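Structure, as structure tokens:
The values are calculated or read from the model by the stated rules, or taken from the named source; none is laboratory data. Model, not experiment: these values are computed from the prediction. All Cβ positions, glycine included, derive from the backbone under ideal geometry; neighbour counts span all protein chains shown. For accessibility, only protein heavy atoms count, side chains too; no ligands or nucleic acids. Shrake-Rupley method; radii C 1.70, N 1.55, O 1.52, S 1.80 Å.
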Amino acid sequence: MINTLLSCLLAAAPAPAAPTDLFPVQEVPQVKPQAYADETGLPSGLKWESGPQQLQPWGSTEAKKGGKLVSFLPTYPKSFRHFGPASNDSFRSYLDNLNLAQLSSDPNHPEITLPSLCQQWAIGPDRKTVYFRIDPEARWSDGNPVLASDFTYAQELVHDPDLEHPDLLAGWDSNISDIKSHGRLSFSVTLSSEKPADELLYYSGTWPVDREFWMKFQREALKKDGKNPNENFGALIKDWHKYFDDAGIAEPVTGPYMIDSAKCEKMRKVVFTKTPNWWAEKKPWNLGRYNVETIEYKVIEDLEVAFRFFQGTELDCCFLTMPEIWREKAGESEGFLNGWFYRVMAFNDVQQPMIGMYLNTRSAPLDDLQVRRALWHATDVEGMCKTVLRGEYARMPHILMGYRQYDNKELKGLPFNIDSAVALLEEAGWNQMDIHGVRMKNGKRLSIEINYSQKTHVPRILYIRQQALKAGIELVLKKYEATTSFNKTRRRQGQIFWIGWQGNYFPDFRDGYHSDGAYQYESNNTSNYEDPRIDKLIEAMDLEKDSAAKTRQCHEIQKIIQDQALVIPLYYVPYIRSGAWNWVKLPQVVSTKTNGDEIFEAFGISGGLFWIDEEEKKKTLSAREAKQKLGEPKTIIDPTWKMAE
Amino acid sequence: MFQLRPITKRRLQRFHSLKRGWYAFLFLSICLAFTVLAEVFINSRALYVQHEGKSSFPTYGDPIPGKVFGLGYGYETDYKELQAHFAASGSSSKVIMPLIPWGPNEMDYSVPPPAKPSAKHWLGTDIMGRDILSRLVYGFRVSISFALLMVGMTYSIGVTLGCLSGYYGSWIDLITQRLQEIWMCLPFLFIVIIITAFWSPGFVGLAFICAIFSWMGIASTMRAMTFKEKSREYVTAARSLGAGTGRIVFRHILPNTLSIVISSLPFQVAGGISALTSLDFLGYGVPPPMPSWGELMEQGLGRLDAWWILGSVATAMTIILISITFIGEGLREAFDPKRHSTYD
């Protein structure tokens, strides 16, 4: 019903008028080749590219600079480092976003590569190496210039025995074979295998480390301990991360915002401020963006609690994708009905997160393929979407939705069918029943634990539980705090993991399905699965240069994953929804085509579109104080980037 | 024949004469009896089905698949559907449903939850479409079993340690006292939350964790009581007759200190119920979908617009806790040592 309502709404709305707050098309600044005069060791005949000559900025001309936005994040970060022990938690994506990538892509036209930290790039004749020229204006937030040596230093750090971050090393080594400096501002990244051109650019994306900063920091740390400051020069000192964490500082960044560690409060809030004199402020792709001076994230684990904070104006915006929050909590709340805050919904067209029930294939009874398949047949995702989620989410047929040609559209998943589930279970020997209607085999109950972390998922899991019970499968809910739950998942301590993985632009199965990860203590091979066929295909995919062959291999892997029932895909959401108080303003096109996270995303190439209107804030707050209606309830639905059906 | 000691008899008579406590006791006993037999009154399973001349009583026992009654599925019969099916087909088969035909975990999404109180759901439904009355009653069963289990464990630990340290004195007393003092300083709820965040305990596990952090009060009372009783003549007499430590502590001293244990019992039970409710409220209690008051309360606070959620559970909780307190007061009055004991 809701679906039809929504489509009626969309159909009735007139075609969106062309936005009037767009910047005119901008000229991309010319590259000055004299900055790279000192280059050495480059192969001859390199064809340097520098992206489009003209560009349509996606920020708004009406944006005002300054002000503060308060939002929330679920846990306080374990560290402010983006490498080293305890750095791979949910905060990592924020840290990564604080730095600019070497290259980026236009979020509304993802096929267009844009300069970012680097101004020019060229693909080497070996089809494994990409050459980069750093923008001579690029600066770290501490004022140091970004140099080629910062990129080679990152490589040294990753391979340093004192780094204590084996995952990072493994991921790095499987992708990058070498980073070489070719001058003060030129360097090359050589990948471990040949790849098609678009993937070469994508996978050669790495990150620099402010060498000056780390050198100085380590020297001071040693000096403080009364040691020779030049000991261990260049390499990491032992326990470097403890020195860093104890110092309570943050790394320098190249992006628009930096962590203001002095204003952060442990377990309470993380504060980011605008990088002073940010070097890329005037670039055409940054026009009208990153307007806010300070961004504060309060630590609020629970979405419903966050919404209550939002209602109390302690948060400026709130994530409203969940149906019950969007419809009842926000839609029927005083603030919305009085026109003090508005709801906004933006469609997108982007790779969907792989939300699913990941089955640990080494934990009985899930080690039995028939039980896994039966569980899939007994999982009523469609029913859950229709009832609990009010028809606003859709069942995901397979895990690789929105991945362009790589998406194997023939795979439909196993349908909800109790009879098939029962037949499979009986075949597998689960013939007896206990008093609660749970199947038994040799005195063992068919009771499977499901590991989750978000309270808001409970109604969904319970619906699935009730339906699965019809096939005689009992799901036992195990809730853990978000970080514990994630660690348990990575250690495969549990049976079913209710989790969503965010994928990359290109499908990557090595992390999640290669047998390398199956025996490690911590890995992303959540299903703990080992299959030489998948290994072979993954390795072939890594080496493949032909896009069509790669697509075939990718489809084949997806088929094995489905046949082996490693993941039961759940749902996908082709839009993002939020709410914000009137003083948080958005451009007329509220979001970008590829923004899959949050409309009020602060960082990254799609982020920073909003701005704060202080006058409006005064007006809204006084109206709220006086319980005065400001206007009709406002819901913005922006279908600009709706996926073609 | 089982015979009460005169003093106990007098105490019980006294308790009976204290009307407030006595009626509270009767009320709670009825509630307990009702919750034990809840399946007969509130259940998704039918009380009685007559189909093709055969009678069945599905309330207790193995689930009966729908096929048995001519519904085309192999899983447990949906009796409400069966009733409708029989009515529609005009067959002579019959289904008698309990007074409230909703199980505590049954979800009703026919009206978008939470649904207002109606003839269908007397107290409405919660945010997952589950009948609130049903969840209240089954939740009471969970709460009271939890409280009793926890109190049992608490007393086993507390009474044993208290008696031992009071009886032996010297270094045993010293160690248990210090342990108790340290333990008392640990913030109970926080510790339990931290433990449950890493280890998801079941029902018994949770009761055990709670008991481990709440034995100190009763232990210190028991220590003082044992200390006092130890020097009384009857203990000396028992010892001179050759009774061992175990016998003296558990057969002689313990019965004489029982009034303290008994009169603090209701308050401990109330504490147990509140502990579980607060843990559930915070999301660290019993695993879903076990019916729980704390979870209802949490839902209710999240949805103040759906007043019936918070309203029902708050009322139920208040009534139960008040009656337990009344019983406690009555017992304390009845077992008051000033009234029955003579001191030499």
**OP:** Within region B:303-321, count every residue that is open to solvent by 10 Å² or more (accessible area, probe 1.4 Å), within 14 Å of chain A (Cβ to nearest Cβ) and touching a residue at least 60 places away in the same chain (Cβ under 8 Å).
**Re:** 1
**OP:** List the number of the failed condition for B:I30; all other conditions in (1) in a helix (DSSP H, G or I); (2) away from chain A (no Cβ under 14 Å); (3) free of Cβ contacts under 8 Å to residues at least 40 places away in the same chain; (4) over 26 Å from B:A147 (Cβ atoms) hold.
**Re:** (4)
Subject >> Meets criteria (in contact with a strand residue (DSSP E or B) (Cβ under 7 Å, 6 or more places away or on another chain) and in contact (Cβ under 8 Å) with a residue 24 or more places away in the chain) for A:R577 >> reply: yes
Original post:
When residues of region A:460-512 are filtered for being closer than 24 Å to A:E522 by Cα, open to solvent by less than 30 Å² (accessible area, probe 1.4 Å), at the interface with chain B (Cβ under 10 Å from one of its Cβ atoms) and polar (S, T, N, Q), how many remain?
Top reply: 2
Original post:
Considering region B:53-68 alone, what residues qualify as being more than 14 Å from chain A (Cβ to nearest Cβ) and over 20 Å from B:G103 (Cα atoms)?
Top reply: B:G53, B:K54, B:S55
Original post:
Which members of region A:256-265 meet the condition of being crowded, with 23+ Cβ neighbours inside 10 Å and in a loop (DSSP other than H, G, I, E, B)?
Top reply: A:P256
Original post:
Condition test on B:G21, is it part of a loop (DSSP other than H, G, I, E, B) and either free of Cβ contacts under 8 Å to residues at least 24 places away in the same chain or in contact with a helix residue (DSSP H, G or I) (Cβ under 9 Å, 6 or more places away or on another chain) (or both)?
Top reply: no
Subject >> Residue identified as within 12 Å of chain B (Cβ to nearest Cβ) and not in a helix (DSSP H, G or I) among A:H436, A:H457 >> reply: A:H436
Subject >> Residue satisfying all of: in region A:309-345; at pLDDT below 90 and charged (D, E, K, R); surrounded by the fewest Cβ atoms within 10 Å (Cβ to Cβ) among these >> reply: A:E332
Subject >> In region B:106-123, residue nearest to A:A468 (Cα to Cα) [restricted to those that are away from chain A (no Cβ under 14 Å) and open to solvent by less than 70 Å² (accessible area, probe 1.4 Å)] >> reply: B:H121
Subject >> Complete set of residues in region B:194-249 that are under 17 Å from B:L179 (Cβ atoms) and not hydrophobic (A, V, I, L, M, F, W, C) >> reply: B:S214, B:G217, B:S220, B:T221, B:R223, B:T226
Original post:
Tell me, which residue of region B:46-79 that is of a type in the set (V, I, T) and open to solvent by 30 Å² or more (accessible area, probe 1.4 Å) is nearest to the chain's Cα centre (by Cα)?
Top reply: B:I64
Subject >> Among the residues listed as A:D535, A:D516, the single one being away from chain B (no Cβ under 14 Å), more than 26 Å from A:T594 (Cβ to Cβ), at pLDDT below 90 and in a helix (DSSP H, G or I) >> reply: A:D516
Original post:
Restricting the search to region A:439-452, which residues are more than 10 Å from chain B (Cβ to nearest Cβ) and either of a type in the set (S, T, N, Q) or assigned to a helix (DSSP H, G or I) (or both)?
Top reply: A:N442, A:S447
Subject >> Members of region A:397-426 that are within 14 Å of chain B (Cβ to nearest Cβ) and either of a type in the set (S, T, Y) or open to solvent by 20 Å² or more (accessible area, probe 1.4 Å) (or both) >> reply: A:F416, A:N417, A:D419, A:S420, A:V422, A:A423, A:L424, A:E426
Original post:
Of the residues that make up region A:621-641, is at least one buried (at least 21 other Cβ atoms within 10 Å of the Cβ) and β-branched (V, I, T)?
Top reply: no
Original post:
B:G158 is checked against (1) of a type outside the set (S, T, Y); (2) in contact (Cβ under 8 Å) with a residue 60 or more places away in the chain; (3) surrounded by fewer than 20 Cβ atoms within 10 Å (Cβ to Cβ) and fails just one. What number does that condition carry?
Top reply: (3)
Original post:
So which residues in region A:356-395 are open to solvent by less than 30 Å² (accessible area, probe 1.4 Å) and in a helix (DSSP H, G or I), if there are any at all?
Top reply: A:V371, A:R372, A:A374, A:L375, A:W376, A:H377, A:V381, A:G383, A:M384, A:C385
Original post:
Inside region B:251-344, counting only helices (runs of 4 or more DSSP H) that do not spill past its ends, which hold 2 or more residues that are closer than 22 Å to B:L149 by Cβ?
Top reply: B:254-282, B:293-302, B:307-334
**OP:** Give me the pairs, please: first residue somewhere in region B:81-105 and more than 14 Å from B:F69 (Cα to Cα), second residue anywhere and among the charged types (D, E, K, R) and assigned to a loop (DSSP other than H, G, I, E, B), beta-carbon distance under 7 Å, and either six or more positions apart or on two chains.
**Re:** B:P104/B:R130; B:N105/B:R130
Subject >> Subset of region A:284-308 [more than 25 Å from B:A197 (Cβ to Cβ) and either open to solvent by less than 20 Å² (accessible area, probe 1.4 Å) or in contact with a helix residue (DSSP H, G or I) (Cβ under 6 Å, 6 or more places away or on another chain) (or both)] >> reply: A:P284, A:W285, A:N286, A:G288, A:R289, A:Y290, A:N291, A:V292, A:I295, A:E296
**OP:** Would you mind stating whether B:I182 is within 14 Å of chain A (Cβ to nearest Cβ) and either more than 26 Å from B:G217 (Cα to Cα) or surrounded by fewer than 20 Cβ atoms within 10 Å (Cβ to Cβ) (or both)?
**Re:** no
**OP:** Select from region A:30-61 the residues that are of a type in the set (G, A, S) and under 30 Å from A:V589 (Cβ atoms) and write down the one among them that is surrounded by the fewest Cβ atoms within 10 Å (Cβ to Cβ).
**Re:** A:S50
Original post:
Is it the case that A:P574 is crowded, with 21+ Cβ neighbours inside 10 Å and out of contact with any Lys or Arg (no Cβ under 7 Å at 6 or more places or on another chain)?
Top reply: no
Original post:
Among A:E522, A:E530, which is the only one that is free of Cβ contacts under 8 Å to residues at least 24 places away in the same chain, more than 30 Å from A:D126 (Cα to Cα) and more than 14 Å from every other protein chain (Cβ to nearest Cβ)?
Top reply: A:E530
**OP:** Determine the pairs where a residue that is away from chain A (no Cβ under 12 Å), located within region B:195-215, has a partner that is outside any helix (DSSP H, G or I) and buried (at least 21 other Cβ atoms within 10 Å of the Cβ) with Cβ atoms under 9 Å apart, the partner being 6 or more residues away or on another chain.
**Re:** B:L206/B:Y284; B:L206/B:G285; B:L206/B:V286
Original post:
If A:S177 satisfies every condition in (1) hydroxyl-bearing (S, T, Y); (2) touching a strand residue (DSSP E or B) at 6+ places or on another chain (Cβ under 8 Å); (3) in a helix (DSSP H, G or I) but one, which is the exception?
Top reply: (3)
**OP:** Spot the failing condition for A:P507; the list is (1) in contact (Cβ under 8 Å) with a residue 40 or more places away in the chain; (2) outside any loop (DSSP other than H, G, I, E, B), and only one is missed.
**Re:** (2)
